[in-house]
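The values are calculated or read from the model by the stated rules, or taken from the named source; none is laboratory data. Predicted, not measured: the structure shown is a model, and the values here were computed from it. All Cβ positions, even for glycine, are placed from backbone atoms using ideal geometry, and neighbour counts span all protein chains on display.
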Amino acid sequence: MDTVKIALAKGRLAEDTIALLKKIGISFKEYSKKSRKLIFKDDTERIKLVFVKSIDIPTYVEKGAVDIGIVGKDILMEDRADVYEILNLNIGRCKICVAGFEDYDFNPNKKLIVASKYPNIAKNYFNKKGILTDVIKINGSVELAPILDLSDVIVDIVETGNTLKENGLVILEEIHDISARLVVNKVSLKTKNDEIEGLINGLESIL
């Protein structure tokens, strides 16, 4: 039986995914969130978890370094990797939103300056609305951009809204609901079909 490699990012999403896999009989006794190891085998040695940065998961899957990835819809929307998006796991739920100061008024005659970790999502969203934008990519605390007059608004992931609130910002528009998706390498789905289909069907049965 072929080994199936699953790419995951460390953190809460990994814990939730491992809990889901345990429900369908796939356990990783040697796994510990404190460990610095990057690869863990399940108890049958048929499945490997490979820990990578979440932003890199679509690349690992597309290039065939792993067979499956568990990754947020936000990253798939931003990256647009050539992979099969198979399953919505309904974990890691949040929204991608436009946020800014409560009294911000969109002026259609003025170029909108947007700061975001997701420049492609931001540009596509405002393009569809016919709003001209200058999108600035920010990797860190994007909430600072409007506060320091770097941008008019931001496009970012919002879970509770507490960080926005604490920094005097509000959600102005919601772009998309986000949750973790199971994606599969196109070749792996053919060459390891039985193993991957079994895993997908198991997860579907408990979702």
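Here is how the numbers come out for the structure above:
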quantity: Residue 15, sole failed condition from (1) part of a loop (DSSP other than H, G, I, E, B); (2) within 24 Å of residue 75 (Cα to Cα); (3) of a type in the set (Asp, Glu); calculated: (1)
quantity: Which listed residue, of 28, 40, is in a strand (DSSP E or B) and free of Cβ contacts under 8 Å to residues at least 40 places away in the same chain; calculated: 40
quantity: Failed criterion for residue 82 (all others in (1) of a type outside the set (S, T, N, Q); (2) under 30 Å from residue 19 (Cβ atoms); (3) surrounded by fewer than 15 Cβ atoms within 10 Å (Cβ to Cβ); (4) without any contact (Cβ under 8 Å) to a residue 60 or more places away in the chain hold); calculated: (4)
quantity: Yes/no for residue 57 being of a type outside the set (Phe, Trp, Tyr), modelled with pLDDT of 95 or more, in contact with a Leu (Cβ under 8 Å, 6 or more places away or on another chain) and part of a helix (DSSP H, G or I); calculated: yes
quantity: Selection count, segment 117-144, where residues are more than 15 Å from residue 176 (Cα to Cα) and touching a strand residue (DSSP E or B) at 6+ places or on another chain (Cβ under 6 Å); calculated: 7
quantity: Answer from 206, 196, 147, 157 - the residue that is touching a helix residue (DSSP H, G or I) at 6+ places or on another chain (Cβ under 9 Å) and either of a type in the set (Phe, Trp, Tyr) or under 20 Å from residue 122 (Cα atoms) (or both); calculated: 157
